[in-house]
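**Student:** Structure provided below as structure tokens; questions to follow.
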Amino acid sequence: MAEKRADKEIERQKPIKSEHIKGVKFHKLAPGITTHPLVRSGRPCIEGTGIMVTTIAGLKNYHSMDAQQIADHLWLELFMVQDALNYYADHKQYIDVCHKLSSINHDQMVESPYGDKTRELLSRRESFT
């Protein structure tokens, strides 16, 4: 029969979520911008949130919002939005291609034979706005 250990159990601290998820560390791309394979499929996000840099870029480019308006709209601090916009300025071509690919995927999903339900949901969503 196995003997019980007299030692106190080792106290294990859970990793802080901002540092690890499932033992994998977040990779810091730039000040305030991180990536992790399990968060938004590894796309660059604002540190401590799941808000992607492409979202910030889209609000700036397609909705003509400035940094303060984006911060107010997404409930972020101004410096977080500025970090995302700085990263976008340095990696504009890459982020624009990612944004274009996501819109192509969206269009293909709507046009697919299974897109009837998607079209119905989108039309309901537009009726609320």
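**Student:** Measure out, as a whole number of angstrom, how far apart the alpha-carbon centroids of the range 68-97 and the range 17-66 sit.
**Tutor:** Here the answer is 10 Å between Cα centres.
**Student:** Another question, if that's okay. Sequence-distant or interchain residues sharing an amide H contact under 5 Å with residue 47, placed H: which?
**Tutor:** Residues meeting the amide H criterion: 33, 34.
**Student:** Taking the number of other C-beta atoms within 10 Å as the exposure measure, put 28, 22 in order starting with the fewest.
**Tutor:** 22, 28
Bear in mind these aren't lab numbers, they're just calculated from the coordinates by the rules spelled out. None of the values given here were measured: they were computed from a predicted structure. Positions of Cβ are generated from backbone atoms using ideal geometry, with glycine treated the same way; all protein chains shown enter the neighbour counts.
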